[in-house]
Amino acid sequence: MNRINRLSQRLANQIAAGEVVERPASVIKELLENSLDADATRLDIDIEQGGVKLIRVRDNGAGIHKDDLALALSRHATSKIAELDDLENISSLGFRGEALASISSVSRLAMASKAESDSASEGWKVETEGQDMQASLSTVAHPQGTTVEVRDLFFNTPARKKFLRTQKTEFSRIDEVMKRIALSRFDVQFTLQHNQRTIHKLLAANTNQQQQRRVALVCGPAFMENSVYIDVEASDLRLWGWVSLPTFSRSQADLQYFYVNGRIIRDKLVTHAVKQAYREVLFHGRHPAYVLYLELPPAGVDVNVHPTKQEVRFRDSRLVHDFLFSALYKALADVNPGDQLETPQLASTQSGYEQNSSAILSGQPDLSLVEPSRSSYGDRSRSAVANQVQDQVLALAKLHGDATEVPPLGYAIAQLHGIYILAQNAEGLIVVDMHAAHERITYERMKLACRKEELKMQPLLVPLSIAVSQSEADCAEAQQQALLGLGIELERVAEESIVVRQIPAMLKNSDVEQMVRDVLSDVLEYGGSDRIQAHQDELLSTMACHGSVRANRHLTIVEMNALLRDMEETERSGQCNHGRPTWVYQSLDELDKLFLRGQ
Ligand code: ADP
Ligand code: MG
């Protein structure tokens, strides 16, 4: 064994840097957080060669006092906490006092600053050198605020440097970090340059509309057009932000921004709550998009659980989970066709970011078969034909008694191949998958009835006996009470036979035998009776599927219109129980484009 010796300052810092400074993007994260903690309202970022050659962040924040400059670069030096109790109540982004020390140990770092309190006209600049990171101070011309320059990242740690990717990749990670932070502080102006080229300039966004614009710039205009704004408060918790409509889902979980008291985090509990809220409306394997802000008293969340502070621990995690779930579940339930057809305001926002519209699963309302219209939806010039159509629809509206307004999903014109309903509203064409839509309506009704314990049962005139396997019969016997709760009364009459006596009245026209078989196999799969409760909705969904209009059933115009009206009133009616869209929309403008009208 070697004898023990004390590590040099620099080596100790370099070891710590292993956790905090993984790549150029992590440097940017720490520097931007420092500037925000110093109350800066303007941040200018300069990057060269993906951040490997140069990262410069200039802010107009409070600055650092001359006597503190050297200290700021040493480890465990922070102005943000002083004692243990402060850890319980952190309102700053940083608090560990190790970012600057770590970064300066693996790069050539210079920091210039002029403090608010400093009356002299010039500022001070600090650099470190040698194994013990001796700091050297000199005067420099500098306005109030701080500039940190990080050159030649990992020049002295070649092993780390090897892990870096191409300039382009490293820059795109920096870009992502900037986007995340830009969404956390709408009141701050950000500019980002790469190799002397301006990539983004985000002005401070103070009104709701400016904020929406920033979100659209960062997340793509399609997200803004296909999301709803929520703002929910309960006791000490507040959740606000934008969540995507279920039909704007993504193949990857890459458009998900979640902030806790202004700090972006990734958290299993949050992901789970959101996923649950989308469970019934999202197509299998798709991911929702969201930009959400959770605010709670600092004491309710522990931020000191991860070196890069990307994870947190909630003191009352159950409460937070349930709050998130119910707020989002309700928001999604409330989405109705009217909302989805609302005129998008940011249709043609210019953006330096890539557009995300290609990821729309199925365009609703953006069913563009062609490029989306560049003109804003509001001020289109209508052709005479379009006017005529609108008159017709309005005349229809009169006929139906709602004289002034055409309902969002309009009126049925015809049934197509026994599968789709064609309808027109004031703006264009609506196509409805009638089975999918009816299935959702039946399901939501059954859920309501079930929750109110009013699921009416109807005795079968002739009890139905069904031959089943022994395990199914065992299950039916064991779960008799639970099944009764679902509206099915049955009895085991032999080793491999059951008799069904009553079924939910709503399902009297369905194929009872098939339905009972499906329900039993679901019950078998999901196990004991305590799990039935959790899967009740899924069982109801199975039942709803059987009770809904099948393809190839002829519907009259009156029946079709009744279905459209039901859809407008039913929660989550935009998706069938499996998350597929129930209707799509094509505006007259888009139809005109298809036929190259007016071009
Ligand atoms: P922490 O942010 O955890 O306190 P850092 O190593 O990131 O640790 O920074 C050390 C200290 O330097 C901070 O506590 C702060 O007082 C000061 N500081 C760093 N960057 C800035 C800045 N841009 N403006 C003002 N003060 C800063
Ligand atoms: Mg910091």
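The values are calculated or read from the model by the stated rules, or taken from the named source; none is laboratory data. Being a predicted model, the structure only gives us computed values, none of them experimental. Every residue, glycine as well, gets a Cβ built from its backbone with ideal geometry; the counts of neighbours run over all protein chains shown. Keep in mind that these areas ignore ligands, DNA and RNA; they rest on the heavy atoms of the full protein, side chains included. Shrake-Rupley method; radii C 1.70, N 1.55, O 1.52, S 1.80 Å.
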(message) Can you tell me how many residues within the range 71-106 are of a type in the set (Gly, Ala, Ser), closer than 16 Å to Ala299 by Cα and more than 12 Å from ligand 2 (Cβ to nearest atom)?
(response) 1
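Any idea which of Ile81, Ile64 is within 10 Å of ligand 1 (Cβ to nearest atom), of a type in the set (Val, Ile, Thr), over 18 Å from Ser35 (Cβ atoms) and assigned by TED's automatic domain parsing to the domain that holds Leu36?
None of the other options fit; the residue is Ile81.
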(message) Please verify whether Arg58 is within 32 Å of the chain's Cα centre (by Cα) and either among the hydrophobic types (A, V, I, L, M, F, W, C) or closer than 30 Å to Lys162 by Cα (or both), treating the condition exactly as stated.
(response) yes
(message) From the list Leu455, Leu448, exactly one residue is open to solvent by less than 70 Å² (accessible area, probe 1.4 Å), under 30 Å from Ala333 (Cβ atoms) and modelled with pLDDT under 85. Which is it?
(response) Leu455
(request) Kindly check whether there is at least one residue in the range 416-434 that is modelled with pLDDT under 70, open to solvent by 60 Å² or more (accessible area, probe 1.4 Å) and outside the structural domain of Ser510 (by TED's automatic domain parsing). (result) no
(message) Restricting to the range 161-185, count the residues that are of a type outside the set (Lys, Arg) and surrounded by fewer than 17 Cβ atoms within 10 Å (Cβ to Cβ).
(response) 5
(request) Quickly run through the range 22-37 and pick out the residues that are within 12 Å of ligand 2 (Cβ to nearest atom) and either outside the structural domain of Asp59 (by TED's automatic domain parsing) or more than 16 Å from Ser184 (Cβ to Cβ) (or both). (result) Ser26, Val27
(message) Pairs needed: first member in the range 88-100, in the same structural domain as Val150 (by TED's automatic domain parsing) and farther than 20 Å from Arg56 by Cα; second member anywhere, within 7 Å of ligand 2 (Cβ to nearest atom) and open to solvent by less than 20 Å² (accessible area, probe 1.4 Å); C-beta distance under 9 Å; at least 6 residues apart or different chains.
(response) Ser92/Glu33
(message) Can you say whether Gly97 is within 12 Å of ligand 1 (Cβ to nearest atom), under 36 Å from the mean Cα position of the chain (by Cα) and at positive phi, as far as the supplied structure shows?
(response) yes
(message) What pairs come out if I take residues in the range 495-509 that are farther than 15 Å from Pro459 by Cβ and pair them with residues that are basic (Lys, Arg) and in a strand (DSSP E or B) whose C-beta lies under 9 Å away, six or more apart or interchain?
(response) Ile498/Arg492
(request) Could you list, in sequence order, all residues of the range 140-160 that are without any contact (Cβ under 8 Å) to a residue 40 or more places away in the chain and open to solvent by 70 Å² or more (accessible area, probe 1.4 Å)? (result) Ala141, Pro158
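Okay, residues lined up against (1) assigned to a strand (DSSP E or B); (2) out of contact with any Gly (no Cβ under 8 Å at 6 or more places or on another chain); (3) more than 16 Å from Cys576 (Cα to Cα); (4) of a type in the set (S, T, N, Q):
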position: Pro408; (1), (2), (3), (4): no, no, yes, no
position: Ile413; (1), (2), (3), (4): yes, yes, yes, no
position: Ala423; (1), (2), (3), (4): yes, no, yes, no
position: Ala426; (1), (2), (3), (4): no, no, yes, no
position: Arg440; (1), (2), (3), (4): no, yes, no, no
position: Glu444; (1), (2), (3), (4): no, yes, no, no
position: Leu460; (1), (2), (3), (4): yes, yes, yes, no
position: Ser471; (1), (2), (3), (4): no, yes, yes, yes
position: Glu477; (1), (2), (3), (4): no, yes, yes, no
